[in-house]
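Colleague: Got a structure for you, questions after.
The values are calculated or read from the model by the stated rules, or taken from the named source; none is laboratory data. Computed from a predicted structure; not experimentally measured. All Cβ positions, glycine included, derive from the backbone under ideal geometry; neighbour counts span all protein chains shown.
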Amino acid sequence: MLAALPLPAIHASHAGTWLREANGETRSCGKGAAVNAAADTPLLVLNAPLVATRLGYPDLSGLDLLELYAFVHPAKFVVPTPKGLAQALDLPEAEGDADVPLLLQRAASRLLEHCEAEDWEEREGAWSSLQSLGRMRWPWAQVIAPHVRKPDRAEKWLFSTLPEWEEAPDRPQPAQVAMDEKAIEGRLEQLTGKGAERREGQQFYAREAGRVFAPRGEKGRPHLLLAQAGTGIGKTLGYLAPANLWSELSQGTVWVSTYTKNLQRQLRGESARAWPERRADGSRPVVVRKGRENYLCLLNLEDALQGGFGGRAAILAQLVARWAAYTQDGDMIGGDLPGWLGTLFRSRAIRSLTDQRGECVYAGCPHYRKCFIERAQRASAQADLVIANHALVMVNAARGRDHAQRPTRIVFDEGHHVFDAADSTFSAALTGAEAIELKRWIMGPERGSKGRRRGLAARLADVSGYDEEGGDAVAAAIEAAEALPGEGWMQRLIEGIPSGPIEELLGAVRSLTYARDESGQEAGYGIETEAAQLEGNFVELAQQAADALAAIRQPLMKLSVRLEKLFEDGPDWLDAQGRARIEGARYALGWRIDTIAAWEALLDRLGGPADPDFVDWLAVDRSDAREFDIGIHRHFLDPMKPFAKVVLEPSHGVMLTSATLRDADDWTEAVARSGANHLDNEPLLAAAESPFDYANRAEVLIVTDVKKGDLAGLAGAYARVIEACGGGVLGLFTAIRRLRAVHGRIADRLAREGLPLYAQHVDPIDTGTLVDIFRDDPRASLLGTDALRDGVDVPGESLRCVVMEQVPWPKPSILHRARRAANGGGAYDDRIIRARLAQAFGRLIRSKEDKGHFIVMSPAFPSRLLTAFPPGTPVLRLPLAEALDRVALGIGAPDPERAASLEGEQTG
């Protein structure tokens, strides 16, 4: 048996607290005793922020096993629980909470053993990193030091060890090829494996997917396919088969776009069946692409390592540097950087290590040739398959950004979210937060602020020195940007002393929004009011703000023209890197110019006649009554109109696919939310029904005696359902407040029965990690909101029941009201609700072996919504006590009497 590290260890859950002394004795103790022990000496803990929450002691610090794991095994996955740690380190699992402290001591010993092992894969760079961490007083440094030997030769600096990307010629246009159905079926059989069960639904789906790869007959008229694939069809391989065949025959690139990071990870794994990890020349045929804000910025990391970060954030930077040496692609958000790493440090420093503000200096960066973002962009231009997300595909199409080819063959998986992604992409928002970011981008950091951030003058110093007109344009933009909000803008607005025309307008927005608010949320969430019936003074302030914005945009446009001329006919000293830097600056300028122009257009229309294509409103954004932003918003009434123009028309073939694309058998809404109505040609429609036996594997239980607004009753119902199921419950809420209230009432009670309960917006853990924890423990349950409704794939015993606290009504916002009025009133609401119910129900049955209950706590669940569930699924209305009996018994034969009574209701 592995010896335990002789350091005291603590474990705290909702069921209690256990402390193990260095001498090997474990005892249960109260929170006060645990806090005193933690204050006296560093304790071994697992996930210190979570333990701190359990103890109610936010200042808890100690020797966190997760930090040690991140040092020893950067870029290796581990579920951050005692069970997950034991599995990752090949240790016996703890049988109960009382055994966890001993497990922590053994895990620490195992990790230190790895540091001494000759075959430690991540040894390179560890000693140098440890020296830096020691100077920062990292608690683990002195413990680890005796176990990490000094290398014979000085270790290389991280930035000299990273590989460089290489330029490659543009890929030629794809060949025009036709694929017959037998060839597609053959490729599908190849991917699923010979001898695999032949699935007719998957074969049909793959044949239909192949239609979008046919040669286009007319410009502006792409092949557009809407394909619903019921859960269990195998849609991923269903569309990858024709995509793989087409890319092989045509030498072209297929883009597959997702809405969630979870599906991106799944696609990366599935694509290995169709493409090798690397080609003969070492390049990757499959590339994952995300927005720049997802990747580690090496220049930001260098700044952090050289003093840009202080305190705990500096330690985080060192651990990120360890990860950077071993990461597959530098993806910090949903990639191989542990999602829990940032939360350990209770810091937003993770985000500040990415390119959040569009201030990349491109070829002017000393790490340009090693940049993860540049590598991914160039690799995608040569790839057979690019796995991206909806937002990136739309932004690429709208702005012609980066170095990758414009997508011409696109599969939008999770296609029911394309409307939402387009709504976000093609909107405009003039807010204080956005305006202050623009000011920083132009002017650089304000006095007294730290970091490497530089304004236009610093980023284009050599250009300004060479080109007088360009230098004058930079100076004019900087002068005009003084009109934008600065640090402390929110407090000035609250005090009624705005500074400058933009702040004055935002102050008027705030006053008018509060004056017109009728929501009754004076101390609650954000408030809004429509931008209509505006008084003359407000319109005058808007025009003054528009003039101030125009004064910024005009010199930026002039600068863009000067950069274009410099790019076309540059001086002798302008080498390839300099040209690349100018090209990057031109792109960044174009983005900012377009943003300012959209703001001006928004302001110019205030006070005038309403534009039927747009919905405008004023908003004060708040969280728990704390104001964090104020602004004016504009959205397209139908965002699929610009989507069709920008994304669909230039494409040759586009597929939108999902398990919940249409409303029962009705395609009307799916067609409208695809952009097809804005094209000249009709879309192709296909549906492959799920092979799952919902009639015998699932039940929908509508609980009729939990009153709306009764928090105590709702919490009690959730606790009893989780107890009856023995865990494995996914609870979905429409409001964060109710989620927190229910969790606070039942977590301790459930934990004492060995049923852990986790929750979004409560536990200091990111959503992806919460799902990992839930998936890993069949006795755990998870409470969450929209993010868990259709982005979670948890097959098997870990998810046996889904509970919704009420019907997921649409939020009654100004934007929703306008769209509701334009799309059929109540029928529009019903379509949205049915889609949400279908997505939530889809979490329950993920494989043919799965079974379980779907529960809605709604005394008056409308019968017209029942078609959201798969045909044949038993639907029962019953009181909570009877629902608990059915849950406890498990899925069996449905009650014939109840099923018969509801058969007409479900089909009527």
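Colleague: Inside segment 478-497, can you point out the residues that are surrounded by 14 or more Cβ atoms within 10 Å (Cβ to Cβ), farther than 12 Å from residue 443 by Cβ and over 30 Å from the mean Cα position of the chain (by Cα)?
Modeller: Selection gives 492, 493.
Colleague: Right, another one. Just checking, does segment 706-729 include any residue being under 26 Å from the mean Cα position of the chain (by Cα) and touching a residue at least 12 places away in the same chain (Cβ under 8 Å)?
Modeller: Yes: segment 706-729 contains one or more residues that are under 26 Å from the mean Cα position of the chain (by Cα) and touching a residue at least 12 places away in the same chain (Cβ under 8 Å).
Colleague: Turning to a different aspect of this structure: Please verify whether segment 360-369 includes one or more residues that are crowded, with 21+ Cβ neighbours inside 10 Å, among the charged types (D, E, K, R) and over 25 Å from residue 45 (Cα atoms).
Modeller: No, the conditions are met nowhere in segment 360-369.
Colleague: Report every pair of residues separated by at least 6 positions or lying on different chains whose Cβ atoms are under 8 Å apart, first residue within segment 859-876 and closer than 17 Å to residue 231 by Cβ, second surrounded by fewer than 20 Cβ atoms within 10 Å (Cβ to Cβ) and of a type in the set (Asp, Glu).
Modeller: Going by the 8 Å Cβ cut-off, the qualifying pairs are 867/663.
Colleague: While we're looking at this one, here's another question. Filter segment 577-609 down to residues that are closer than 16 Å to residue 546 by Cβ and either of a type in the set (Phe, Trp, Tyr) or free of Cβ contacts under 8 Å to residues at least 12 places away in the same chain (or both), then give me how many there are.
Modeller: Final tally of qualifying residues: 3.
Colleague: Considering every residue within segment 768-777, establish whether at least one is under 24 Å from residue 714 (Cα atoms), assigned by TED's automatic domain parsing to the domain that holds residue 837 and in contact with a His (Cβ under 7 Å, 6 or more places away or on another chain).
Modeller: No; the residues of segment 768-777 include none that is under 24 Å from residue 714 (Cα atoms), assigned by TED's automatic domain parsing to the domain that holds residue 837 and in contact with a His (Cβ under 7 Å, 6 or more places away or on another chain).
Colleague: Please determine whether any residue of segment 578-593 is part of a helix (DSSP H, G or I) and at pLDDT 90 or above.
Modeller: Step one: of segment 578-593, the residues part of a helix (DSSP H, G or I) are 578-593.
If we keep only those that are at pLDDT 90 or above as well, we get 592-593.
Within segment 578-593, one or more residues are part of a helix (DSSP H, G or I) and at pLDDT 90 or above.
Conditions (1) farther than 29 Å from residue 177 by Cβ; (2) within 24 Å of the chain's Cα centre (by Cα); (3) not assigned by TED's automatic domain parsing to the domain that holds residue 409; (4) not β-branched (Val, Ile, Thr), marked per residue:
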residue: 617; (1), (2), (3), (4): yes, no, yes, yes
residue: 644; (1), (2), (3), (4): no, no, no, yes
residue: 647; (1), (2), (3), (4): no, yes, no, no
residue: 650; (1), (2), (3), (4): no, no, no, yes
residue: 655; (1), (2), (3), (4): no, yes, no, yes
residue: 665; (1), (2), (3), (4): yes, no, no, yes
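Colleague: Additional query: Out of all the residues in segment 693-725, which are buried (at least 18 other Cβ atoms within 10 Å of the Cβ) and of a type in the set (Asp, Glu)?
Modeller: Within segment 693-725, 699, 723 meet the criteria.
Colleague: If we scan segment 655-666, do we find a residue that is closer than 22 Å to residue 485 by Cα and touching a helix residue (DSSP H, G or I) at 6+ places or on another chain (Cβ under 9 Å)?
Modeller: no
Colleague: Residues that are farther than 15 Å from residue 291 by Cβ and in contact with a His (Cβ under 9 Å, 6 or more places away or on another chain): find the helices (runs of 4 or more DSSP H) completely inside segment 338-383 holding 1 or more of those.
Modeller: On the way: elements: 341-344, 349-352, 372-382.
Per the criteria, 372-382.
Colleague: Mind listing whichever residues of segment 785-836 are within 22 Å of the chain's Cα centre (by Cα) and among the hydroxyl-bearing types (Ser, Thr, Tyr)?
Modeller: 785
Colleague: Further question on the same structure: Please enumerate the residues belonging to segment 203-220 that are under 20 Å from residue 175 (Cα atoms), buried (at least 24 other Cβ atoms within 10 Å of the Cβ) and touching a residue at least 40 places away in the same chain (Cβ under 8 Å).
Modeller: 209, 212, 213
Residue-wise test of (1) out of contact with any helix residue (DSSP H, G or I) (no Cβ under 6 Å at 6 or more places or on another chain); (2) surrounded by 18 or more Cβ atoms within 10 Å (Cβ to Cβ); (3) among the aliphatic types (A, V, I, L, M).
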position: 16; (1), (2), (3): yes, yes, no
position: 25; (1), (2), (3): yes, no, no
position: 30; (1), (2), (3): yes, no, no
position: 36; (1), (2), (3): yes, no, no
position: 63; (1), (2), (3): yes, yes, yes
position: 74; (1), (2), (3): no, yes, no
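Colleague: Restricting attention to segment 11-67, report how many residues are of a type in the set (Asp, Glu) and touching a Pro at 6+ places or on another chain (Cβ under 7 Å).
Modeller: 1
Colleague: Among the residues of segment 242-267 satisfying the criterion of being at pLDDT below 95 and among the charged types (D, E, K, R), which is surrounded by the most Cβ atoms within 10 Å (Cβ to Cβ)?
Modeller: 261
Colleague: Something else about it: Please find, within segment 403-418, the residue that is modelled with the lowest pLDDT out of those that are surrounded by fewer than 21 Cβ atoms within 10 Å (Cβ to Cβ) and either closer than 23 Å to residue 615 by Cβ or in contact with a helix residue (DSSP H, G or I) (Cβ under 9 Å, 6 or more places away or on another chain) (or both).
Modeller: Filtering segment 403-418 for residues that are surrounded by fewer than 21 Cβ atoms within 10 Å (Cβ to Cβ) and either closer than 23 Å to residue 615 by Cβ or in contact with a helix residue (DSSP H, G or I) (Cβ under 9 Å, 6 or more places away or on another chain) (or both), the one modelled with the lowest pLDDT comes out as 403.
Colleague: Can you find, within segment 340-385, the residue that is modelled with the lowest pLDDT among those that are among the charged types (D, E, K, R) and touching a strand residue (DSSP E or B) at 6+ places or on another chain (Cβ under 8 Å)?
Modeller: 355
Residues checked against (1) of a type in the set (A, V, I, L, M); (2) in contact with an Asp or Glu (Cβ under 8 Å, 6 or more places away or on another chain); (3) in contact (Cβ under 8 Å) with a residue 24 or more places away in the chain:
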{"residue": "259", "(1), (2), (3)": "no, yes, yes"}
{"residue": "263", "(1), (2), (3)": "yes, yes, yes"}
{"residue": "270", "(1), (2), (3)": "no, no, yes"}
{"residue": "273", "(1), (2), (3)": "no, no, yes"}
{"residue": "276", "(1), (2), (3)": "no, no, no"}
{"residue": "284", "(1), (2), (3)": "no, yes, yes"}
{"residue": "287", "(1), (2), (3)": "yes, no, yes"}
{"residue": "291", "(1), (2), (3)": "no, no, yes"}
{"residue": "294", "(1), (2), (3)": "no, yes, yes"}
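Colleague: Right, next: Of the conditions (1) more than 30 Å from residue 491 (Cβ to Cβ); (2) outside any helix (DSSP H, G or I); (3) in contact with a Leu (Cβ under 9 Å, 6 or more places away or on another chain), residue 650 clears all except one; give me its number.
Modeller: All conditions are met except number (3).
Colleague: Considering only residues that are out of contact with any Leu (no Cβ under 7 Å at 6 or more places or on another chain) and buried (at least 21 other Cβ atoms within 10 Å of the Cβ), look in segment 332-341 and name the one that is farthest from residue 52 (Cα to Cα).
Modeller: The residue in question is 335.
Colleague: A further question on this structure: Given (1) outside the structural domain of residue 66 (by TED's automatic domain parsing); (2) not in a loop (DSSP other than H, G, I, E, B), where does residue 175 come up short, assuming only one miss?
Modeller: The failed condition is (2).
A quick yes/no check of all residues on (1) surrounded by 12 or more Cβ atoms within 10 Å (Cβ to Cβ); (2) closer than 30 Å to residue 371 by Cβ:
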position	(1), (2)
85	yes, no
117	no, no
129	yes, yes
151	yes, yes
169	no, yes
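Colleague: Taking residue 526, is it of a type outside the set (Phe, Trp, Tyr) and over 16 Å from residue 627 (Cα atoms)?
Modeller: no
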